[in-house]
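The values are calculated or read from the model by the stated rules, or taken from the named source; none is laboratory data. It should be emphasised that the depicted structure is a prediction, and the values quoted were computed from it without experimental measurement. Note that each Cβ is placed from the backbone with ideal geometry, even for glycine, and that neighbours are counted across all protein chains shown.
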């Protein structure tokens, strides 16, 4: 098809000996491939371009092959940049597939190759170079990549889509995925390597950290290590970790006793995080400043705080 870049993906294994694949497994993988290209274009070009991907009419025999035609359509907002050149759009499509590691020459470190190299290891640091490239360090190991590959590596939508493209590898009897042209593979991923392509769990981002004085009534206590106490400030109930060692020691040796109506005046560390589901708040009681017993007598001016003789 004119103006399109073609590539092929292949699933292989004993379960595909008859060159058949369950449509319920194939369809999500094909959709994930479209999502992968869409997410990659958005990660690299924002809203200035849009991916188009089509399945070629006939499936090839041998294992289970699917051919795609794809291009990156340049939108009006980017027309001045690329002068509406169709050849540029095709180049962009081929370039993105290369950055993903799905096409391109052997030895190039696209996203697929980087994830295979990482093998699920945590990145120690990244050093940016002056030539538009970067060096990824994992302990003593190093790998040089283009900054655009690094952008794909960091993009959650890209990582999630790539992981779903490999979902058929979870089925017994499908043991490999390959991608490239109709004559050669640029990358082969085995079922034992799929875990390397799992998107990392979202890391919470610190919003604020503050220490304040607060008073709580006790809703429920926890006597197991690291368990949190449920405390009420009169309006809402929270779970708070108690880290005042002296206070906990007195609780554990029964030097402290509690009854209904008791109030703890505390120095509290409040930490707020931004997570995938929104804001969350952690409470830590650093120090119990005062333990006020529940009132058992009527307060009378002139008598409170005095000892009768």
Q. When the residues of the stretch 170-183 are filtered to those that are touching a residue at least 60 places away in the same chain (Cβ under 8 Å) and either touching a helix residue (DSSP H, G or I) at 6+ places or on another chain (Cβ under 8 Å) or farther than 18 Å from residue 33 by Cβ (or both), which remaining residue is surrounded by the fewest Cβ atoms within 10 Å (Cβ to Cβ)?
A. 172
Q. Within the stretch 229-258, can you find the residues that are closer than 11 Å to residue 286 by Cβ and in a strand (DSSP E or B)?
A. 240, 241, 242
Q. What do you reckon, is residue 242 touching a residue at least 40 places away in the same chain (Cβ under 8 Å), touching a strand residue (DSSP E or B) at 6+ places or on another chain (Cβ under 8 Å), on the phi < 0 side of the Ramachandran plot and assigned by TED's automatic domain parsing to the domain that holds residue 10?
A. no
Q. Which residue out of 210, 191, 155, 184 is closer than 30 Å to residue 51 by Cβ and over 25 Å from the mean Cα position of the chain (by Cα)?
A. 184
Q. Do we have any residue at all in the stretch 127-140 that's touching a residue at least 24 places away in the same chain (Cβ under 8 Å) and on the phi < 0 side of the Ramachandran plot?
A. no
Q. In the stretch 110-122, what count of residues is obtained for those that are surrounded by 11 or more Cβ atoms within 10 Å (Cβ to Cβ), assigned to a loop (DSSP other than H, G, I, E, B) and touching a strand residue (DSSP E or B) at 6+ places or on another chain (Cβ under 8 Å)?
A. 2
Q: Evaluate the stretch 82-102: report whether one residue or more is in a strand (DSSP E or B), in the same structural domain as residue 43 (by TED's automatic domain parsing) and at pLDDT below 65.
A: no
Q. Name the residues in the stretch 139-167 that are touching a strand residue (DSSP E or B) at 6+ places or on another chain (Cβ under 8 Å) and over 15 Å from residue 98 (Cα atoms), would you?
A. 142, 143, 144, 165, 166
Q) Taking the stretch 252-278 on its own, how many of its residues are surrounded by fewer than 11 Cβ atoms within 10 Å (Cβ to Cβ) and either farther than 15 Å from residue 216 by Cα or touching a helix residue (DSSP H, G or I) at 6+ places or on another chain (Cβ under 9 Å) (or both)? A) 8
